[in-house]
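The next block holds one structure in the form of structure tokens; read it before the comments.
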Amino acid sequence: MRPAEVPASVSLSDERIARWPFVSRGHRPYRVRDQDAPRLWIEVTARNQLFLVRKEVGGKSKDIRIGRFPAMTAAKARVRTAEVLEKIDKGEDHRRPDKSNSGATLADAWEYYRKTLERGRRPRSLRTIQGYEHAFQTLKTFHSVPLRVLANDPQRVAEEHERISEKHPTTADATMRFLRACYRAYAKSRLDPALRPEMYPTSAVVWHNRKGEEKGMGQGELKKWFRDLLANVKDPVRREMHYFTLLTGIRRGDKRGQWESSGVTTLRWSDVSGRRREVTLQRAKGSKKVILPISVAAMRCLLRARVAGRMLYPVHAAEWCFPSAIGRVAEPKETSWHVKKGKYVKTIRLSPVGHALRNSFETFGRAAGIERFRVKLLMGHAVDQDITDSYTNVSALREQLREAAEAVAAFITRHAGCDPDTELIKRLQNQGTAH
């Protein structure tokens with residue numbers, strides 16, 4: 001159902017589109033036509049705002065998806081609409097750029113690659129596309145350089161990699177992988193017959209190949225972590241959030257404007273089922289919906305967070321599992337700044353936090369004897385990379401996954417150096433008395 005504040009037809013602008021609400025899950029999307037380009041529409045669903053071009057084929061209307069807001073602006077959508085309609089009138093394939101463009105540049109390749117990411121069999125999330133856009137902007141010096149030139153001069157690409165590596169080695173590797181993916185997608189499309197997929201521009205790049213940093217805790221570090229948690233984190237909601245992250249290995253989550261990814265900081269009470277002991281991540285990594293069984297200890301954690309939230313942040317506690325004075329906890333880092341001898345000094349009150357606790361959960365899961373595949377499912381990792389794993393009926397394993405979650409929680413409790421539930425309840429009661 002169309003919201004009352006959204007008209008059926010209007011001159012589309014980025015400011016207007018950004019204000020329109022997404023539809024609730026399970027409801028039909030609504031559409032708005034552009035008054036400046038009558039064949040251009042925007043369709044608003046539960047997760048996306050899609051630009052559509054309507055064409056007539058044999059007396060019937062057919063909609064062509066040309067992009068997604070905000071990756072494509074309203075102005076660019078009008079230009080693209082005119083291009084698509086012109087090609088249709090000429091009887092050409094609107095899905096492919098002009099093959100006469102044999103000198104395709106990196107900018108042309110990125111435009112083509114972005115369309116495949118948005119409209120492919122498995123469309124990528126907006127966050128992923130924004131990450132690629134950042135990599136594209138990092139390669140500004142190559143925007144107008146033909147792909148043929150880059151393929152024939154890999155040393156030039158290697159020098160650019162070294163230049164970026166001086167400040168950001170990890171970014172340098174990620175940027176070159178983006179360049180390689182762009183080139184490969186365009187070369188395989190045969191839009192430029194002179195390009196060969198096997199001649200990568202990055203063939204001379206010396207990769208850093210950095211191993212993922214071992215940020216997770218080991219068994220011997222648990223006691224100190226719990227001591228720091230109880231002594232240094234005064235907000236009871238944040239205490240429970242960190243402990244819940246350790247018990248579940250859940251991702252951080254994020255919310256930027258209308259885009260949101262599911263995680264501990266964006267977890268809502270509507271996503272929690274106490275009866276089934278499950279949390280639902282509506283938009284996990286890759287925009288997938290993931291249901292995660294949790295342990296009894298993690299459920300108790302949520303209940304204590306609800307009590308603490310109602311005491312301290314009653315307005316926001318009705319929606320968010322881990323509320324704060326501004327709505328929800330947005331930053332899991334526990335740091336403070338103070339002046340010492342005329343200089344600002346940073347103090348870390350608790351470490352590890354956030355994603356490092358996710359790494360710790362994986363470590364403790366393996367230490368508790370849980371097989372790799374079940375740890376993978378508990379962490380919400382994709383299981384379609386291997387053909388055998390993709391045959392698995394994950395929903396049929398929920399009870400076994402609950403048992404695995406209990407085993408990890410029992411391992412953590414056994415090596416915490418205290419009874420976490422008792423200590424956290426004691427501090428929550430003291431908070432209630434003080435409040």
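Annotations for the structure displayed:
- Phe322 passes every criterion in (1) buried (at least 23 other Cβ atoms within 10 Å of the Cβ); (2) in contact with a Pro (Cβ under 9 Å, 6 or more places away or on another chain) apart from (2).
- When the range 135-158 is limited to residues that are among the charged types (D, E, K, R) and in a helix (DSSP H, G or I), the one that is surrounded by the fewest Cβ atoms within 10 Å (Cβ to Cβ) turns out to be Lys140.
- Residues of the range 221-270 satisfying the condition of being among the small types (Gly, Ala, Ser), over 21 Å from Leu292 (Cβ atoms) and modelled with pLDDT of 90 or more: Ala231
- Of all residues in the range 399-435 being of a type in the set (Lys, Arg) and surrounded by fewer than 16 Cβ atoms within 10 Å (Cβ to Cβ), the one that is modelled with the highest pLDDT: Arg414
- Qualifying residue in the range 166-189 (condition: among the basic types (Lys, Arg) and within 30 Å of Leu350 (Cβ to Cβ)): yes
- Among the residues here, Pro197 qualifies as free of Cβ contacts under 8 Å to residues at least 24 places away in the same chain, more than 30 Å from Arg304 (Cα to Cα), surrounded by 13 or more Cβ atoms within 10 Å (Cβ to Cβ) and not hydrophobic (A, V, I, L, M, F, W, C).
- Within the range 216-233, residues that are over 19 Å from Arg358 (Cβ atoms) sit with their Cβ atoms under 8 Å from residues that are assigned to a helix (DSSP H, G or I), at 6+ positions apart or across chains, in these pairs: Leu230/Arg239; Leu230/Glu423; Leu230/Leu424; Leu230/Arg427.
- Some residue of the range 273-287 being in the same structural domain as Arg427 (by TED's automatic domain parsing), surrounded by 14 or more Cβ atoms within 10 Å (Cβ to Cβ) and within 22 Å of Met217 (Cβ to Cβ): no
- Neighbours by Cβ (under 6 Å, 6+ apart or cross-chain): first from the range 165-190, in the same structural domain as Thr116 (by TED's automatic domain parsing) and under 17 Å from Leu150 (Cα atoms); second at pLDDT below 85 and buried (at least 18 other Cβ atoms within 10 Å of the Cβ): Arg180/Tyr200; Ala187/Leu195
- In the range 203-219 there is at least one residue that is within 30 Å of Val408 (Cβ to Cβ), out of contact with any Lys or Arg (no Cβ under 7 Å at 6 or more places or on another chain) and assigned to a helix (DSSP H, G or I).
- All of Thr175, Thr170, Thr128 fail the test of being modelled with pLDDT of 90 or more and more than 12 Å from Pro201 (Cα to Cα), apart from Thr175.
- The range 12-31: number of residues that are modelled with pLDDT of 85 or more and assigned to a loop (DSSP other than H, G, I, E, B): 8
- Within the range 37-58, considering residues that are charged (D, E, K, R) and surrounded by 14 or more Cβ atoms within 10 Å (Cβ to Cβ), the one nearest to Ala77 (Cα to Cα): Arg39
- Evaluation of Val339 against (1) modelled with pLDDT of 90 or more; (2) farther than 26 Å from Asp254 by Cα; (3) of a type in the set (Val, Ile, Thr) (one fails), failing number: (1)
- Sole residue being surrounded by 14 or more Cβ atoms within 10 Å (Cβ to Cβ), more than 23 Å from Ile66 (Cβ to Cβ) and within 22 Å of the chain's Cα centre (by Cα), chosen from Thr116, Thr171: Thr171
The values are calculated or read from the model by the stated rules, or taken from the named source; none is laboratory data. What you see is a predicted model; the values in this text were computed from it and never measured. Cβ coordinates were reconstructed from backbone atoms using ideal geometry, including for glycine residues, and neighbour counts include every protein chain displayed.
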